[in-house]
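Visitor: I am attaching a structure below and will ask some questions about it afterwards.
Rule-based calculations on the coordinates, nothing more; no lab input. All values derive from a computational prediction rather than experimental measurement. Using ideal geometry, Cβ is built from the backbone for each residue, glycine included, and neighbour counts are taken over all protein chains shown.
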Amino acid sequence: MVDTQRIEDSFPAIDYFEEHAVPFLLAVNNFEHAHHFDLAEVREALGVDVGVPILDCDARSRASVKRVLVALTEEVLARRLGRGQTVRA
């Protein structure tokens, strides 16, 4: 989860996921009365590869968080299946 008001706090987590080849996505949390950045701007500011999904999110909204978790699960499964491994149920 990216807080665009404290974007520098995102770098350690992103570095960890990239260094350990852990599938991830970025959820950009939207706050009331805060400047809304275009997702491409967030990607550029963080230096994240175009293959990493970036989604808008409102952490206060159950539906929004659910959408992010579903997207994360799909990303993990796609990466795992893409590597020729079998997903166990």
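Visitor: Report the per residue volume, in Å³, of the convex hull enclosing the C-alpha atoms of the stretch 8-89.
Guide: Hull volume normalised by residue count: 106 Å³.
Visitor: Scan the stretch 37-87 for trypsin sites (Lys or Arg not before Pro) in coil per DSSP, keeping those whose Cβ has at most 11 other Cβ atoms within 10 Å, and list them by number.
Guide: R60, R83
Visitor: According to a simple spin-label model (label point 7 Å from Cα along Cα-to-Cβ), what is the distance in nm between E8 and L72?
Guide: Between L72 and E8, the simple spin-label model gives 2.5 nm.
Visitor: Quick one: angle between helix 62-82 and the longest Cα principal axis of the chain, in degrees between 0 and 90, rounded to 10, please.
Guide: Around 40 degrees separate the two axes.
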